[in-house]
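Enquirer: Here you go, one structure.
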Amino acid sequence: MHLDPLAIVTAFGLIFLAELPDKTMFASLAMGTRMRPLYVWFGTSAAFAVHVAIAVGAGSLLGLLPGWTVKLVSALMFGFGAFVLLRAGGDDEEDDAGGKTVTGFWPVFSTAFMAVFISEWGDLTQITTANLAATNGTASTAIGSFLALTSVSALALVAGRFIAKRVPLKTVQRVGGVCMAGLAIWSLVEVFTG
């Protein structure tokens, strides 16, 4: 197994930026206000591990295609990701803050796991992880993506209120969108020059 530090950093950066304005971050924040944050983090991390494994597996299947095809698919997917992030209006759909407090490790773990597991299917970060795995290697992409997803969850649980008050959601979305657009252009250039 070969680990590429640049691929790890690339995956971390892209997934981190794409996940910051995601509903999963806000769900983690909401769950952390009603449940024990460490238990929530364990549940979300376990769900992210499953999703990263699925995305990396899909990406490795993409990697079996001819090089130009993979680069073209990656360019299209990065372009789609840029479109989604740049057109997002910053509509903060907040979860209902009411409800009972859930206590105990397993009830909190399973609630957090299921919330993330269900909501992340076909998510932008899962698609991006698959694209990166197809072009940058599975192990490096898996490590970078998993670290980014769990970091965002931890950040939401620890400092979510601070971020929501100080950094506009649109700014985070625009930075992520510009990065995705740059990768789409780069991948397209590689299709025609490689």
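Bear in mind that the values in this text are calculations on the coordinates, not laboratory data. Source: prediction; values computed, not measured. Please note: Cβ atoms are built from the backbone with ideal geometry, for glycine as well, and neighbour counts cover all protein chains shown.
Enquirer: Sort 33-42, 149-158 by packing, meaning the average of other beta carbons within 10 Å per residue, with the highest value first.
Expert: 149-158, 33-42
Enquirer: Against the globular-protein guess of 2.2 N^0.38 Å, express the Cα radius of gyration of region 107-159 as a ratio, rounded to two decimals.
Expert: After normalising by residue count via 2.2 N^0.38 Å, the value is 1.26.
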